[in-house]
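The values are calculated or read from the model by the stated rules, or taken from the named source; none is laboratory data. Treat the numbers as computed from the prediction; the structure is a model and nothing was measured. Positions of Cβ are backbone-derived with ideal geometry, glycine not excepted, and every protein chain shown enters the neighbour counts. Please note that ligands, DNA and RNA were not included when accessible areas were found on the heavy atoms of the full protein model with its side chains. Shrake-Rupley method; radii C 1.70, N 1.55, O 1.52, S 1.80 Å.
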Amino acid sequence: MLTVDRFARPLRSLRISVTDRCNLRCQYCMPEPEYVWLPRESLLTFEETTALVDAFASVGVDRVRITGGEPLLRRNLPELIEQLAARPLLADLSLTTNGVLLREHAAALRAAGLHRITISLDTLREDRFREIARFDELPAVLAGIDAAARAGFASLKIDSVVLRNRNDDELVPLLEFGRSVGAEVRFIEYMDVGGATRWSPDAVVSRQEILARVGAVYGAIEPLGGRASAPAERFRLPDGTTFGIIASTTEPFCAACDRSRLTADGLWLLCLYARGGVDLRRPLREGATGEEIARLITTVWSMRADRGAEERLGAGAREPLIPLAALKRDAHLEMHTRGG
Ligand code: SAM
Ligand code: SF4
Ligand code: SF4
């Protein structure tokens, strides 16, 4: 069954945040000294998460990505992966992690049936890693990437947020590193999402500039096409190396967006930029059946008209999306709660 929204976009992909906690404090995501956390008792249990996934799958979701906060901080995560991997309707099961704890978990995640892993890595220099992520964890992340490469995942990706004057001189080293470990690198434009309280237009390095800089080193870049609803546009260098760019800020792709997000406490968000969402934990805990929740999902999705990044682009002069005071009042507005 396919459920479409008001712009005929199907509901296919669900990103599930399993925790809002994180063991890094990336400047573009969690730059503040203190955060208000979701109460522990509000977090969905694995049983509740799989019940919701079954409802989503019954109305068309066939791709699930586990995220956070840092998802590897969630205790016994491989158990959830195992339960999800057993769902025949899910064609794709992936995870996005900062990699700090991946060395310990890579093999167990693979054994549990996880298909793909994306690791976030913005720099290969220890001093910069400390500046950007505020912890000394680069060696742990590199060990995590190595463990993932050896664990036999179908595909490994490295996501790098490109920040002007912070790491924008590392495009080529990151591409070379990606090739050396068998991972495809994707450069992400710095987004003005909730939580990015230090965002400014000057700090964004655009898709166009990334292509120009990479092309100046490697020569002609070939666009690969075949993107469909994927956020990343893919390219090939003359030597055959492929890479991606996620241009959410300067060239958003809302027209093809089939993604929605579930926070760790069961709030369903129809757009990364949405101010509010639908609480699915409440009906679940009040005893709603899977069919009832599936009906709620289709009703809400059929009314969806979100195109947050395109609206931001059309809004002219930009500054951080959500003021700090509003973020402090509602943790659900934070990128680390939404899962990216
Ligand atoms: N902690 C995990 C990680 O970092 O991979 C998963 C959650 S994190 C919120 C998911 C992704 O969002 C990361 O790749 C991160 O780089 C990206 N992200 C966070 N804030 C961003 C921003 N302001 N602009 C662009 N990407 C951002
Ligand atoms: Fe960085 Fe991910 Fe943690 Fe955000 S959630 S601070 S992007 S590691
Ligand atoms: Fe989808 Fe919203 Fe992102 Fe646009 S901004 S691609 S509608 S999640």
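Taking into account only those residues within segment 252-268 that are in contact with a helix residue (DSSP H, G or I) (Cβ under 6 Å, 6 or more places away or on another chain) and either surrounded by 22 or more Cβ atoms within 10 Å (Cβ to Cβ) or not in a helix (DSSP H, G or I) (or both), which is modelled with the lowest pLDDT? My answer is Pro252. The residue pairs whose first member lies in segment 127-139 and is over 19 Å from Asn165 (Cβ atoms), whose second member is assigned to a helix (DSSP H, G or I) and open to solvent by less than 70 Å² (accessible area, probe 1.4 Å), and whose beta carbons are closer than 6 Å, counting only pairs six or more residues apart or on different chains, are Leu138/Phe129. Does segment 19-40 include one or more residues that are assigned to a helix (DSSP H, G or I) and more than 16 Å from ligand 2 (Cβ to nearest atom)? Scanning segment 19-40, I find at least one residue that is assigned to a helix (DSSP H, G or I) and more than 16 Å from ligand 2 (Cβ to nearest atom), so the answer is yes.
Consider Gly113 against the criteria (1) within 30 Å of Leu296 (Cβ to Cβ); (2) within 13 Å of ligand 2 (Cβ to nearest atom): it satisfies all of them except one. Which criterion is unmet? Of the numbered conditions (1) within 30 Å of Leu296 (Cβ to Cβ); (2) within 13 Å of ligand 2 (Cβ to nearest atom), the odd one out for Gly113 is (2). A Cβ distance below 9 Å, combined with a sequence gap of six or more or placement on separate chains, defines the contacts here; from segment 206-231, residues that are touching a residue at least 60 places away in the same chain (Cβ under 8 Å) and farther than 15 Å from Arg186 by Cα reach residues that are hydrophobic (A, V, I, L, M, F, W, C) and surrounded by fewer than 16 Cβ atoms within 10 Å (Cβ to Cβ) in the pairs Ser229/Ala256.
Against the test of being under 22 Å from Glu70 (Cα atoms), modelled with pLDDT under 95 and more than 16 Å from ligand 2 (Cβ to nearest atom), the options Ala274, Ala232, Ala228, Ala183 yield a single qualifying residue, Ala232. Restricting attention to segment 117-135, the residues being of a type in the set (Val, Ile, Thr) and in a loop (DSSP other than H, G, I, E, B) number 1.
Filtering segment 277-317 to residues that are within 14 Å of ligand 3 (Cβ to nearest atom), assigned to a loop (DSSP other than H, G, I, E, B) and modelled with pLDDT under 95 leaves only Ala315. Consider segment 2-18 and keep the residues that are surrounded by 19 or more Cβ atoms within 10 Å (Cβ to Cβ) and in a loop (DSSP other than H, G, I, E, B). The one that is nearest to the chain's Cα centre (by Cα) is Val18. Arg63 falls short on exactly one of the conditions (1) away from ligand 3 (no atom under 16 Å from the Cβ); (2) out of contact with any helix residue (DSSP H, G or I) (no Cβ under 6 Å at 6 or more places or on another chain); (3) open to solvent by 40 Å² or more (accessible area, probe 1.4 Å), and that condition is (1). Quickly run through segment 235-251 and pick out the residues that are crowded, with 19+ Cβ neighbours inside 10 Å and within 14 Å of ligand 1 (Cβ to nearest atom). If the condition is that a residue be crowded, with 19+ Cβ neighbours inside 10 Å and within 14 Å of ligand 1 (Cβ to nearest atom), then Gly244, Ile245, Ile246, Ala247, Ser248, Thr249 are the ones that fit.
Among the numbered conditions (1) over 22 Å from Arg12 (Cβ atoms); (2) open to solvent by less than 40 Å² (accessible area, probe 1.4 Å); (3) away from ligand 2 (no atom under 13 Å from the Cβ); (4) over 19 Å from the mean Cα position of the chain (by Cα), the only one that Phe129 does not meet is (3). Restricted to segment 66-87, and to residues there that are touching a residue at least 40 places away in the same chain (Cβ under 8 Å) and of a type outside the set (A, V, I, L, M, F, W, C), the residue that is surrounded by the most Cβ atoms within 10 Å (Cβ to Cβ) is Gly69.
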